[in-house]
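Just below is one structure, and these are the notes that go with it.
FYI, it's all coordinate maths here, none of it is from the lab. Predicted model, so just to flag it, every value in this text is computed and none were measured. Because the Cβ atoms are built from the backbone with ideal geometry, glycine has one as well, and the counts that use them run over all protein chains shown.
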Amino acid sequence: MTEENGPIFDKEKSSSYKSEPCDSRNCNALSTTERGCDEAKGVCKYRYSYGDKSFTRGDVATETISIGSASGSPVSFPGTVFGCGYNNGGNFDENGSGIIGLGGGNLSLISQLGSSISNKFSYCLSHKSSTMNSTSVINLGTSSIPSGASNVSDVVSTPLVDKEPQTYYYLTLEAISVGNTKIPYTSSMYYPNDDGVSSAATKGNIIIDSGTTLTLLESGFYDSFGAAVEESVTGAKRVSDPQGLLSHCFKSGSAEIGLPEMTVHFSGADVRLSALNAFVKMSEDMVCLSMIPTNEVAITNEVAIYGNFAQMDFLVGYDLEARRVSFQRMDCSADL
């Protein structure tokens, strides 16, 4: 189990805490593999695991949550469904209080708040190389969406594609440029159309996820992409990752490693990445590409994911009414 350094939530001291019955609508909103029932107490139980093998188990309940606002006064939301975890393990931060659900599922915080936040939210993830005390920011509501009002950079937007399961946010990746070489993104994944006939995925071929560290790209595309990266890196030779996870690592002698510029071409949005978005520094003389092929990870159906390294120092806005995601380059370690 993971021990939490911060204060523990004591439901016995709350007058607004309420356990969910096993036959409640909220309990049944969980899949059969995610829910259970304490028959003796009639309390709905949940169990949830993540891709990195972290897990949480506990009671499904409702509670009044309060969130800070731009006005300085917190806003309260009574009857919010949450999981009161008693058994949590894996890669959870011991200084954190839990995990917030930002997906499109029925019981995610975003779905529950819905119209209260105008179905809009954004986050700005500060890079690990920034000051140690910097924190990332999440914003809820209309004012959270990138507007281009600042002169940091222009805002680019790409459509959200409606697909199942709805808990994920699907975008369309068209190509990635490495320097001046533009590599079209090809997908071997097949999905059923409305008529039941399967076809190769073009729209919605990648998931954007703030909780996955690395970017995962389809194996067939990655061969050409990785070769272009290797050809573009200067002042270093390719070596193996000592940890055995990352595919393309480069080590220099005395020269500074020259890393290529990259642009991710989503439908209608060209997102230019910095070296910190595309590479991770392993040591003073070694860097690795923070993108790997899907077949090197134990993920069902080789799902492509746009991970959080690629999103750092961007204000990423989700407009769930207009069905689009926006990107604006920003220093996320600064006060926003």
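Cys residues of the chain that find no other Cys beta carbon under 4.7 Å: CYS84. The count of lysine pairs in the range 149-329 with alpha-carbon distances below 23 Å, taking only pairs 8 or more places apart or on different chains, stands at 6. Peptides 226-232, 309-315, ordered by how many other C-beta atoms sit within 10 Å of their residues on average, highest first, read 309-315, 226-232.
As a length-normalised measure over Cα pairs under 8 Å and 6 or more apart, the relative contact order of the chain settles at 17 percent. Relative to the longest principal axis of the Cα atoms of the chain, the long axis of helix 219-232 lies at roughly 50 degrees.
Between amide H atoms placed 1.01 Å from N, distances below 5 Å from ALA175 occur with TYR185, HIS265, all of them 5 or more places distant or on a separate chain.
Residue exposure proxy: GLU12, GLU63, GLU218, ordered by other Cβ atoms within 10 angstrom of their Cβ from fewest to most, comes out as GLU12, GLU63, GLU218. Taking θ as phi - 60° and the Karplus parameters 6.51, -1.76 and 1.60, the scalar couplings of the range 202-211 work out to 10, 7, x, 8, 8, 9, 9, 9, 7, x Hz in sequence order, x denoting glycine and proline.
Using θ = phi - 60° in the Karplus curve 6.51 cos²θ - 1.76 cosθ + 1.60, the 3J(HN,Hα) couplings for the range 27-35 round to 5, 6, 6, 7, 5, 5, 7, 9, 10 Hz; x is entered for Gly and Pro. Its relative contact order, with pairs defined as Cα atoms under 8 Å and 6+ residues apart, puts the range 149-329 at 30 percent. Each semi-axis of the equivalent ellipsoid for the chain is √(5λ) with λ an eigenvalue of the Cα gyration tensor; in descending order they amount to 36, 23, 22 Å. Assuming charge only on the beta carbon of Lys and Arg (+1) and of Asp and Glu (-1), the dipole of the range 149-329 about its Cα centre is about 260 debye to the nearest 20.
Per residue, the Cα convex hull of the range 11-99 amounts to 138 Å³.
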